[in-house]
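> Quick one: this structure, given as structure tokens, is what I'll be asking you about.
Each value in this text was obtained by applying a stated rule to the coordinates, not by laboratory testing. Only a predicted model underlies this, so the values are computations on that prediction, with no experimental measurement involved. Positions of Cβ are generated from backbone atoms using ideal geometry, with glycine treated the same way; all protein chains shown enter the neighbour counts.
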Amino acid sequence: MEMTGTRSRILLALFCLICSSQSWSADKRIGIIVFDGVLTSDITAPIEVFGIASRKSWFSDYETITINVGESDTITTEEGLKLKVDAYLRDRPAVDVLLLPSSYNMGPLLENEALISYIRQTSTKAEWMASNCSGARLLAEAGVLDGRNATTWAGGEADMADDYPKVKVQYNRNYVIDGNVLTSNGSVVSYEAALALLSRLSSQDKADEVKSALQMQRVWKD
């Protein structure tokens, strides 16, 4: 009986060792702020790019999470897409990359002191800060873009320059990288911006691998 019990314990230990060697958990987080009325492509583009990458061995230590500014378990985008969220602003989750998307009505977000405080605090620790479209205004409101080159939605550059004179607003640029901050025009450019950020988090070759998986390298002819 004693030998049988010992053997069982050994087999159990080996089983646990095998299971632990086959499993992994991400130790880095890419956080994407979400809320009701967020523009769909601003969040789905980076979710798709980083989601594909995280299934590769070279990016498996990253996971992408959505962080709801509100309290609901789900959000509804401007275009009607419903998404379940992963985390909440109230918990101020620690992330290594924080991405700010946009809305047609940025006022409530810019006036949300908890959100601006979270952005400001995260910027002191995160590897990268990023935005799509008018999400750049959130970075500017938090002071993250002071003295930096940045862009926003195409056509909104002049207004942003007027509202945030400390920001070096760039015109006619799909995306701008200054230090560890990336800002983009948003919409379909969100894919281009996410791939540019992925290349900085890994390498250009790895980003091209994801670009190929998305078939974005194809040239269409009439």
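> How high is the relative contact order of the range 25-213, given as a whole-number percent (alpha carbon pairs under 8 Å, six or more residues apart)?
20 percent
> Still on this model: Provide the FRET efficiency to the nearest 0.05 for the residue 56-residue 159 pair, computing r from the beta carbons and using R0 = 45 Å.
0.70
> Between the helical axis of 40-54 and the dominant principal axis of the chain, each derived from Cα atoms, what acute angle in degrees is found, rounded to the nearest 10?
With both axes taken from Cα atoms, the answer is about 40 degrees.
> Antiparallel DSSP bridges in the range 25-213: what percent, to the nearest 5?
Antiparallel: roughly 25 percent of the beta bridges in the range 25-213.
> Taking the Cα centre of the chain as the origin, how large is its charge dipole in debye, to the nearest 20, when only Lys and Arg (+1) and Asp and Glu (-1) carry charge on their Cβ atoms?
Around 760 debye, computed over the chain.
> Give the distance, in whole Å, between the Cα centre of the range 130-144 and the Cα centre of the range 66-120.
First find each Cα centre; the distance between them is then 13 Å.
> Treating the angle as unsigned and between 0 and 90°, give the value, to the nearest 10°, between the Cα long axis of helix 189-201 and the longest Cα principal axis of the chain.
Between helix and principal axis, roughly 50 degrees.
> Any chance you could give the angle, 0 to 90 degrees and rounded to 10, that helix 204-213 forms with the longest Cα principal axis of the chain?
Roughly 90 degrees between the two axes.
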